[in-house]
Amino acid sequence: MPLENMKAMLSKAAAGKYAVGAFNILDYNSAKAVVQAAEGLLAPVIVQTSAKTVTFWGSRTLMGWMTELAASARVPVAVHLDHCKDLALIEECIEAGWTSVMIDASARPFEENLSLSRRVVEMARPRDVTVEAELGAIVGVEDDIHVKEQDSHLADPAQAVEFCAKVRPDCFAPAIGTAHGIYKGEPKIAYHILEKVAATTRVPIALHGGTGLSDDVFKRCIALGCAKVNISTQIKYAFIDGFVGYHNAHNTQYDPLKVIQAQFEEMKKGIAANIQLFGGAGQA
Ligand SMILES: [Zn+2]
């Protein structure tokens with residue numbers, strides 16, 4: 001199937017009270033693991049690229065892989081640019097064929113976040129590209145974006161309503177207490193904020209910092225309106241552990257394709273488990 005944007009998949013997910021998994025890829029092997037895991041479960045899926053990954057490989061190379069992987073898949077696949085602060089890179093990705101982008105101007109004052117997010121919507125919508133925007137500050141490290149704990153703040157529900165009314169994003173990422181990276185303690189999720197924001201903005205919510213949340217936390221967040229769940233750190237671990245683990249177990253065998261295959265299986269297994277947990281299986 002040709003690549004599609006997030007609009008139909010997220011509105012269907014929000015109505016059906018499940019979430020579409022959005023997985024951050026690193027290379028062709030991880031992209032293939034995401035698409036094949038979704039294909040195996042007949043689930044819609046979002047392949048995400050961080051700004052850093054786009055810069056590393058180049059937008060045209062990544063889009064070549066994604067177009068080819070999606071073309072042979074029977075499930076809807078969206079390609080989404082995760083947390084991007086750089087309007088020039090957003091424009092480049094839209095030009096290259098990304099079907100969805102995230103503008104993260106959450107570190108800016110409210111009015112600036114509003115106007116930058118609106119500019120991205122104006123840039124994207126005529127091209128049929130969906131937009132995710134963020135309000136509040138999600139703690140942790142997401143590639144080049146570092147937010148210290150003392151600088152984190154939760155989204156304000158009243159501001160969220162104003163923000164969504166003025167920006168009209170296709171997907172909204174309010175900071176609700178989740179974090180990027182590995183959780184140090186039990187995450188404190190502000191369910192009351194999530195519930196209020198989802199009900200009043202009526203925009204599908206993206207749950208960031210998915211790695212390390214318990215099954216119950218996922219289920220509760222999805223029931224309250226999270227229609228997109230981001231998984232990044234878990235894939236980074238599977239990428240390295242799948243590779244190193246195979247080599248450690250077969251340390252005299254220097255057969256790169258076997259190592260890459262083991263890495264692929266490790267990533268695909270985790271991705272498939274998440275798709276099932278989020279309720280996306282059979283929804284394609
Ligand atoms: Zn995030």
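The values are calculated or read from the model by the stated rules, or taken from the named source; none is laboratory data. From a predicted model like this one, the values you see are computed outputs, not experimental measurements. Quick reminder, even Gly has a Cβ in these numbers, built from the backbone with ideal geometry, and neighbours come from all protein chains shown.
Just to verify a result, which residue in the stretch 217-241, among those that are in a loop (DSSP other than H, G, I, E, B) and touching a residue at least 40 places away in the same chain (Cβ under 8 Å), is farthest from the ligand (Cβ to nearest atom)?
As a first pass, look at the stretch 217-241 and keep what is in a loop (DSSP other than H, G, I, E, B): 224-225, 232.
Within this subset, residues satisfying the condition of being touching a residue at least 40 places away in the same chain (Cβ under 8 Å) are 225, 232.
Details: G225: 17, S232: 7 Å.
My answer is G225.
Can you find even one residue in the stretch 144-152 that is modelled with pLDDT of 95 or more and on the phi < 0 side of the Ramachandran plot?
Let us first name the residues in the stretch 144-152 that are modelled with pLDDT of 95 or more, namely none.
Within the stretch 144-152, not a single residue is modelled with pLDDT of 95 or more and on the phi < 0 side of the Ramachandran plot.
May I ask you to list the residues in the stretch 28-59 that are hydrophobic (A, V, I, L, M, F, W, C), buried (at least 18 other Cβ atoms within 10 Å of the Cβ) and not in a helix (DSSP H, G or I)?
A43, V45, I46, V47
Under 6 Å by Cβ, and 6 or more places apart or on different chains, what pairs join a residue from the stretch 255-267 that is in contact (Cβ under 8 Å) with a residue 40 or more places away in the chain with one that is among the aromatic types (F, W, Y)?
Short answer, once both residue conditions are applied: Q263/F243.
Return the only residue of Q283, Q261, Q253 being part of a loop (DSSP other than H, G, I, E, B), under 27 Å from M1 (Cβ atoms), over 17 Å from the mean Cα position of the chain (by Cα) and polar (S, T, N, Q). If you could, list the steps in order and put the result at the bottom.
Numbers: Q261 fails: part of a loop (DSSP other than H, G, I, E, B); Q253 fails: under 27 Å from M1 (Cβ atoms).
None of the others qualify; the one that does is Q283.
Among the listed residues A96, A107, identify the single one that is within 30 Å of K188 (Cα to Cα) and either within 16 Å of the ligand (Cβ to nearest atom) or surrounded by fewer than 20 Cβ atoms within 10 Å (Cβ to Cβ) (or both).
Only one candidate qualifies: A107.
May I ask you to list the residues in the stretch 199-216 that are within 16 Å of the ligand (Cβ to nearest atom) and either part of a loop (DSSP other than H, G, I, E, B) or surrounded by fewer than 22 Cβ atoms within 10 Å (Cβ to Cβ) (or both)? Break it down stepwise before answering.
Our first condition is that a residue be within 16 Å of the ligand (Cβ to nearest atom); within the stretch 199-216, this holds for 204-213.
Listed by number, the residues that qualify are P204, H208, G209, G210, T211, G212, L213.
List every residue pair whose Cβ atoms lie under 8 Å apart, where the two residues are 6 or more positions apart in sequence or sit on different chains, the first residue falls within the stretch 182-195 and is of a type in the set (S, T, Y), and the second residue, located anywhere, is part of a helix (DSSP H, G or I).
Once the first residue is of a type in the set (S, T, Y) and sits in the stretch 182-195, its partners that are part of a helix (DSSP H, G or I) give Y191/R220; Y191/C221.
I'm trying to understand the selection: among the residues of the stretch 222-240, which are of a type outside the set (S, T, Y) and either under 17 Å from G140 (Cβ atoms) or in contact with a His (Cβ under 7 Å, 6 or more places away or on another chain) (or both)? Spell out the reasoning first.
Here is the first cut: in the stretch 222-240, the ones of a type outside the set (S, T, Y) are 222-231, 234-236, 238-240.
Scanning the stretch 222-240 gives V229, N230, I231, Q234, I235, K236.
Could you please tell me which pairs satisfy a Cβ distance under 7 Å, a separation of 6+ or placement on different chains, a first residue in the stretch 3-27 that is closer than 15 Å to Q234 by Cα, and a second residue that is of a type in the set (K, R) and surrounded by 24 or more Cβ atoms within 10 Å (Cβ to Cβ)?
Partner pairs satisfying both residue conditions: A22/K228.
Kindly state which strands (runs of 3 or more DSSP E) lie completely within the stretch 60-148 and contain at least 3 residues that are in contact with a Phe, Trp or Tyr (Cβ under 8 Å, 6 or more places away or on another chain) and touching a residue at least 24 places away in the same chain (Cβ under 8 Å).
Working: elements: 77-84, 100-103, 130-135, 140-142, 145-147.
Of the strands (runs of 3 or more DSSP E) lying wholly inside the stretch 60-148, those with at least 3 residues that are in contact with a Phe, Trp or Tyr (Cβ under 8 Å, 6 or more places away or on another chain) and touching a residue at least 24 places away in the same chain (Cβ under 8 Å) span 77-84, 130-135.
Limited to the stretch 178-198, what total is found for residues that are crowded, with 18+ Cβ neighbours inside 10 Å and within 14 Å of the ligand (Cβ to nearest atom)?
Final tally of qualifying residues: 3.
Being of a type outside the set (G, A, S) and away from the ligand (no atom under 14 Å from the Cβ) is the filter here, so list the residues in the stretch 164-177 that pass it. Give the steps one after another, and end with the answer.
In the first step, residues of the stretch 164-177 are kept if they are of a type outside the set (G, A, S); the result is 164, 166-172, 174, 176.
Once the filter is applied, which keeps residues that are of a type outside the set (G, A, S) and away from the ligand (no atom under 14 Å from the Cβ), the stretch 164-177 yields C164, K166, V167, R168, P169, D170.
Would you pick out the residues in the stretch 69-95 that are farther than 20 Å from R125 by Cβ and in contact with a Lys or Arg (Cβ under 7 Å, 6 or more places away or on another chain)?
Result: L69, single match.
Return the total of residues in the stretch 155-181 being of a type in the set (A, V, I, L, M, F, W, C) and in contact (Cβ under 8 Å) with a residue 60 or more places away in the chain. Steps first, answer last, please.
First, the residues of the stretch 155-181 that are of a type in the set (A, V, I, L, M, F, W, C): 155, 158, 160-161, 163-165, 167, 171-173, 175-176, 179.
Among the residues that remain, those that are also in contact (Cβ under 8 Å) with a residue 60 or more places away in the chain are: 171, 173, 175.
Within the stretch 155-181, residues that are of a type in the set (A, V, I, L, M, F, W, C) and in contact (Cβ under 8 Å) with a residue 60 or more places away in the chain number 3.
Could you count how many residues in the stretch 13-27 are more than 17 Å from K52 (Cα to Cα) and part of a loop (DSSP other than H, G, I, E, B)?
Here the count works out to 3.
State all residues of the stretch 76-88 that are more than 16 Å from the ligand (Cβ to nearest atom) and surrounded by fewer than 21 Cβ atoms within 10 Å (Cβ to Cβ); if no residue qualifies, say none.
L87, A88 - these are the residues of the stretch 76-88 that are more than 16 Å from the ligand (Cβ to nearest atom) and surrounded by fewer than 21 Cβ atoms within 10 Å (Cβ to Cβ).
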